[in-house]
Amino acid sequence: MIGIDLGTTFSAAAYLDPDGNPQLVSNSRGARLTPSVVMEEDDGTVVVGEDARESMVLMGDAVVSTVKDYMGTDRKFVLPSGTAYTPEQVSALILKKIVKDAEEFLGEEIRQAVVTVPAYFNDAQRQATKDAGRMAGLDVACMPNEPTAAALYYAWSSRMEKGRILVYDLGGGTFDASIVEICGKQAEVVATGGIRKLGGHFFDQLILNYAADYLLEKYGLDVYDDEYIDELQELSLKAENCKIQLSSRTSAQMVIKIGKVREKLEITRAQFEKMIAGFYGRTESTVRMVLQDAGMSWKDIDKLLLVGGSSKIPYIAERLREFSGMEPSHETNPDEAVALGAALYASGLFEKVQDVCSHSLGIVSRRGAGAEKYNSVIIPRNTALPARMSRDYYTGTNDMKKICLEITEGEDEDLDYVSILAGIEILLPPGIPRNTRVTVEMFLNQNQLLHVYARIHAEPEIYKEIEIPRSSNLDESEIAEQTTLLERIVVQ
Ligand SMILES: Nc1ncnc2c1ncn2[C@@H]1O[C@H](COP(=O)(O)OP(=O)(O)OP(=O)(O)O)[C@@H](O)[C@H]1O
Ligand SMILES: [Mg+2]
């Protein structure tokens, strides 16, 4: 069984070598990280990784990148052949490539994997990741959270016996923060939090916008115009390069060639820091909340571990140093720690890895007949997994025909700030009196996938598991159909 870090921008696989050390797999190009980029060729072959990434500029419309941002949504990616891929299918193609390279590297067939997900992923995003694994022909044994995996790797590599690690994971598309308590061969997550859509990919966008504003002002040239679609791809790669250079230098240049314009645009580190200050501030608030949820302060933390490519930005470490009064740790390679930790997780070297749920789950309820609807939480955020909890509700009228259960995800009582996972109708037999007790039970498994049960305390009692028709996910027949389609595709 291998461990896979299925990242927004890069993916990686790791395994446990015969000496019991986690190692990264080298892909067909000999690299340890594979860009999460998918391209369709004219003959229908699909190319994943560096080759696809390099073609982004010329073959923009045949290339899909940052698909992880769209997991758990019904976004479609239409490629030149006319095939409309779901985010699950695109992720499955990335997984196929990762597994194929790992099989060649290890000389063994791989059927099972541990695939990590951001701690802040919600039910729909986790379900979509699991479905992507199935479509790739993989049995996804477990989906540990990325910061948890990184903490396992740190604990293992530093031989930490006992201590608390605060993981600050800033990658390409997501931000996660988790506090993980290590005690011998046991790891327990105390609290977690995160921000969707915050990471290096958005920092590139800031630099790109800066360049776009500059070109518009100086030359009246709008790079977002359809006419410059290829140039825009190239410019966004240059923006990323510029950002990476600014991690080791105090200024960097973007060489811009668009239309008749030839320009060297200089960006200083100070300018870049100003651009990302607001984003950093939001991560700091999240860390503060995670500490608060854990009932801890910085003095309770033994290690501040930086994970994810974007944590290499010097400004991030500087600000964190000021904020925490601790020295942020770069001891593990930030790009690799998650995959290596996933391999440790897969190996079972840790006797127990206990995570917590990252979003509260509940149902829409009323405090009485005619009262306003609110979000009634059943499993609160940061409850240890697996979690089984229930709450009682009462029927509002005599002889109710059905109960409408709307499952919520989010902490707020105000329904404007939570999302509805699914709406379910439970049909009732005739004659159920008003004020009959209905117990709604929720079971959240290790992978944070939800099961719901209802017990209606009538004569005779009704108890059943409720099938959740997740509105943002594929159903069984769609999965089967899309899997068949993928089986015909050759991935290189
Ligand atoms: N030296 C560097 N300085 C600044 N940014 C960097 C550096 N190296 C890599 N990055 C950025 O890090 C990001 C990729 O990080 P990483 O591989 O950890 O993300 P990911 O795993 O793909 O994303 P996620 O974990 O959010 O799904 C990219 O945006 C990349 O530009
Ligand atoms: Mg990552």
Item to complete: List every residue pair whose Cβ atoms lie under 6 Å apart, where the two residues are 6 or more positions apart in sequence or sit on different chains, the first residue falls within segment 224-239 and is farther than 16 Å from THR9 by Cβ and hydrophobic (A, V, I, L, M, F, W, C), and the second residue, located anywhere, is at pLDDT 85 or above and surrounded by 19 or more Cβ atoms within 10 Å (Cβ to Cβ).
Response: LEU232/VAL223
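Rundown of residues vs (1) surrounded by 13 or more Cβ atoms within 10 Å (Cβ to Cβ); (2) among the hydrophobic types (A, V, I, L, M, F, W, C); (3) within 12 Å of ligand 1 (Cβ to nearest atom); (4) more than 27 Å from GLY60 (Cα to Cα), yes/no style:
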{"position": "LEU237", "(1), (2), (3), (4)": "yes, yes, yes, no"}
{"position": "SER247", "(1), (2), (3), (4)": "yes, no, yes, yes"}
{"position": "THR250", "(1), (2), (3), (4)": "no, no, no, yes"}
{"position": "LEU291", "(1), (2), (3), (4)": "yes, yes, no, yes"}
{"position": "ASP300", "(1), (2), (3), (4)": "yes, no, no, yes"}
{"position": "SER310", "(1), (2), (3), (4)": "yes, no, yes, no"}
{"position": "ILE313", "(1), (2), (3), (4)": "yes, yes, yes, yes"}
Practice prompt. Could you name every one of the strands (runs of 3 or more DSSP E) located completely within segment 240-356 that has at least 2 residues being within 16 Å of ligand 2 (Cβ to nearest atom) and over 21 Å from the mean Cα position of the chain (by Cα)?
Written response: none
Worksheet entry | Selected residue [among the hydrophobic types (A, V, I, L, M, F, W, C) and farther than 30 Å from VAL117 by Cβ] from LEU208, LEU215, LEU198 | LEU215
Fill in: SER236, sole failed condition from (1) in a helix (DSSP H, G or I); (2) touching a strand residue (DSSP E or B) at 6+ places or on another chain (Cβ under 8 Å)
(2)
Worksheet entry | Search result, residues across segment 421-442 that are modelled with pLDDT under 90 and surrounded by 13 or more Cβ atoms within 10 Å (Cβ to Cβ) | LEU421, ALA422, GLY423, ILE424, ILE426, LEU428
Worksheet item: Which fully enclosed strands (runs of 3 or more DSSP E) of segment 404-470 have 1 or more residues being touching a helix residue (DSSP H, G or I) at 6+ places or on another chain (Cβ under 8 Å)?
Response: 419-427, 450-456
Response to the item:
How many residues of segment 181-207 are away from ligand 1 (no atom under 16 Å from the Cβ) and within 18 Å of the chain's Cα centre (by Cα)? The answer is 2
Worksheet item: Taking segment 451-483 on its own, how many of its residues are in contact with a Lys or Arg (Cβ under 9 Å, 6 or more places away or on another chain), buried (at least 17 other Cβ atoms within 10 Å of the Cβ) and within 26 Å of ARG366 (Cα to Cα)?
Response: 2
Item to complete: Note down all Cβ pairs under 8 Å where the first residue falls in segment 272-297 and is within 14 Å of ALA317 (Cβ to Cβ), the second is of a type in the set (Lys, Arg), and they're at least six residues apart or on different chains.
Response: TYR280/ARG319; GLU284/ARG319
Fill in: Every residue from segment 38-73 that is surrounded by 17 or more Cβ atoms within 10 Å (Cβ to Cβ), among the acidic types (Asp, Glu) and in contact (Cβ under 8 Å) with a residue 24 or more places away in the chain
GLU40, ASP69
Worksheet item: With ILE98, ILE110, ILE94 as the choices, which residue is surrounded by 15 or more Cβ atoms within 10 Å (Cβ to Cβ), within 16 Å of ligand 2 (Cβ to nearest atom), farther than 23 Å from GLU478 by Cβ and modelled with pLDDT of 90 or more?
Response: ILE98
Worksheet item: Restricting attention to segment 127-152, which residues are more than 17 Å from GLN354 (Cβ to Cβ) and in a helix (DSSP H, G or I)?
Response: GLN127, ALA128, THR129, LYS130, ASP131, ALA132, GLY133, ARG134, MET135
Practice prompt. Say whether the condition of being within 16 Å of GLN354 (Cα to Cα) and in contact with a Leu (Cβ under 8 Å, 6 or more places away or on another chain) is met by at least one residue in segment 169-176.
Written response: no
Item to complete: Mind telling me which of the residues ASP414, ASP392 ends up being loosely packed, with under 15 Cβ neighbours inside 10 Å, in contact with a Ser or Thr (Cβ under 6 Å, 6 or more places away or on another chain) and more than 30 Å from VAL47 (Cα to Cα)?
Response: ASP392
Worksheet, complete the sentence: The lone condition LYS76 fails out of (1) closer than 19 Å to LEU486 by Cβ; (2) surrounded by fewer than 18 Cβ atoms within 10 Å (Cβ to Cβ); (3) in contact (Cβ under 8 Å) with a residue 40 or more places away in the chain is (3)
Fill in: Boolean, GLY163 is in a strand (DSSP E or B) and more than 17 Å from the chain's Cα centre (by Cα)
yes
Discussion item. Taking the conditions exactly as written (within 14 Å of ligand 1 (Cβ to nearest atom), surrounded by 13 or more Cβ atoms within 10 Å (Cβ to Cβ), within 30 Å of PRO35 (Cα to Cα) and in contact (Cβ under 8 Å) with a residue 12 or more places away in the chain), does PRO328 satisfy them or not?
Written reply: no
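The values are calculated or read from the model by the stated rules, or taken from the named source; none is laboratory data. Remember, it's a predicted structure, so these values are computed and weren't measured experimentally. FYI the Cβ positions are ideal-geometry reconstructions off the backbone, even for glycines, and counts take in every protein chain you see.
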